[in-house]
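Inspection log for the structure reproduced underneath, given as structure tokens.
Every read-out reported here was derived from the displayed coordinates using simple, explicitly stated rules and does not represent laboratory data. For clarity, every value in this text was computed on a predicted model and none was experimentally measured. Quick reminder, even Gly has a Cβ in these numbers, built from the backbone with ideal geometry, and neighbours come from all protein chains shown.
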């Protein structure tokens with residue numbers, strides 16, 4: 001069997017876009033986590049997939065609420081991606097981020113290239129993650145921007161915007 005470190009290194013060679021998965025707790029506070037395990041599933045109905053680690057702070061809130069937002073980040077949102085990549089107790093720097101809510105109250109990060117409010121259609125536990133399939137119930141398109149990418153454990157902001 002392939003060991004964890006080798007597998008992680010190999011997967012790092014696959015460049016991914018960067019998203020922040022957002023949700024609310026029972027008190028209405030926003031919680032989020034940076035994720036690159038994200039893809040479209042189908043067009044009819046519009047559905048996406050995200051993978052959430054069981055030890056992620058956001059995991060229990062997605063489980064409890066059954067709704068979540070996916071926010072696709074542009075290069076200008078690098079600080080937002082880095083902020084939400086940290087554990088909540090390690091988010092000591094102040095960054096500027098705001099959010100709006102969907103009709104169903106799903107937090108969607110302002111300034112994202114795309115924000116989607118999703119309802120959980122199904123889930124599958126595999127290893128230390130849960131794979132969520134979400135029905136996209138609301139979507140907001142932001143400004144066309146260069147995408148924020150992650151490659152070989154580094155943030156990449158050098159991709160030009162599609163004009």
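A few remarks follow.
- FRET efficiency for residue 41 and residue 89, using Cβ-Cβ distance with R0 set to 30 Å, rounded to 0.05: 0.35
- Residue separation of residue 96 and residue 82 scaled by 0.36 nm, minus their Cα-Cα distance, works out to 3.8 nm of gained length.
- Global geometry of region 78-136, whether rounded, prolate or oblate, following the gyration tensor of its Cα atoms and the 1.5 cut on a/c: oblate
- Here the Gaussian network model covers the chain, with springs between Cα atoms less than 10 Å apart; of 39, 16, 92, 92 fluctuates the most.
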